[in-house]
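The values are calculated or read from the model by the stated rules, or taken from the named source; none is laboratory data. Worth saying up front: this structure is predicted, and the values here are computed from it rather than measured. When we count neighbours, we look across all protein chains shown, and the Cβ atoms used for this are built from the backbone with ideal geometry, even at glycine.
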Ligand code: CP
Ligand code: NVA
């Protein structure tokens, strides 16, 4: 049987995604009670990082250890990936020795090529185009605080980037409406918007997008690989900040999320992380639980 991959949220159906999020909460509760779980005993995850990471690396590595397995950190600098070995050759070799592979790259195409040549499940741990693992944690966090997100309104304020693209996919999969507020020229991918047109509305004015929203989300103005555009982007996005005033136009019980790392004073005000609606720290912790659920689903093919 061909390996099951997780390159975007569309690699699962709604039932699977909802079961996975529920299982993540179960794993979190068990873990907080100190229960030992060794479902991935002797299993190995290879982790390939072309870009920096704190949350993704720690959550995958700690998650494997907590389930009885182990993880290998592989950077292109220290492997033959950085010296031009073809991605397909690397995929054949690495996947012949481990049980799953997690990969963070610039081009999304790199993850797709790796997965096409891999005999074991491949997980997208962020590309320039998508960040599906973060959405598992975000959906888990929303559900834990507010119940089902079905029918809710989510406001994305800022860049139409990889995180925004995964929110577009999530809107269809988890059945909510997404309002995107972004400056001209920074919209999400046109083909993706076209495919999810009934679920997404693009605004210029952040207040219009945030009106009555149940969840406000943002991300950095310049993503990894766009460092040279920082100054241009600071100008383009200066009116696109989540702050307590913007929270006031949202629903009174609205939550605030950010995948982190955050830039206080840019996409969020300096006081936003401490706002009563902010769930950013739980959102970050849930990366651990959501990905443990994902690893069990992909490696063991079950969620119990
Ligand atoms: N949110 C997120 O993916 O964080 P890292 O870049 O630290 O992994
Ligand atoms: N959009 C950000 C997300 C970081 C987790 C980036 O790609 O750098």
*State yes or no: is residue 211 modelled with pLDDT of 95 or more, within 26 Å of residue 133 (Cα to Cα), touching a helix residue (DSSP H, G or I) at 6+ places or on another chain (Cβ under 6 Å) and more than 16 Å from ligand 2 (Cβ to nearest atom)?*
no
*Elements of type helices (runs of 4 or more DSSP H) in region 206-304, at least 1 residues being more than 16 Å from ligand 1 (Cβ to nearest atom) and at positive phi*: none
*How many residues are buried (at least 21 other Cβ atoms within 10 Å of the Cβ) and more than 30 Å from residue 50 (Cα to Cα) when one looks only at region 199-258?*
11
*Look through 49, 73, 60, 6 and report the one residue that is under 14 Å from residue 286 (Cβ atoms), at pLDDT 95 or above, within 16 Å of ligand 1 (Cβ to nearest atom) and surrounded by 13 or more Cβ atoms within 10 Å (Cβ to Cβ).*
60
_Residue identified as surrounded by 24 or more Cβ atoms within 10 Å (Cβ to Cβ), away from ligand 1 (no atom under 16 Å from the Cβ) and not in a loop (DSSP other than H, G, I, E, B) among 111, 93, 154_ = 154
*Residues of region 49-89 being outside any loop (DSSP other than H, G, I, E, B), within 16 Å of ligand 2 (Cβ to nearest atom) and in contact with a strand residue (DSSP E or B) (Cβ under 6 Å, 6 or more places away or on another chain), which ones?*
49, 60
*In this structure, does residue 263 turn out to be in contact with a helix residue (DSSP H, G or I) (Cβ under 8 Å, 6 or more places away or on another chain) and at pLDDT 95 or above?*
no
_Considering only residues that are over 10 Å from the mean Cα position of the chain (by Cα) and either within 13 Å of ligand 1 (Cβ to nearest atom) or without any contact (Cβ under 8 Å) to a residue 60 or more places away in the chain (or both), which ones fall in region 129-143?_
141
*How many residues does region 114-127 hold that are outside any helix (DSSP H, G or I) and crowded, with 19+ Cβ neighbours inside 10 Å?*
9
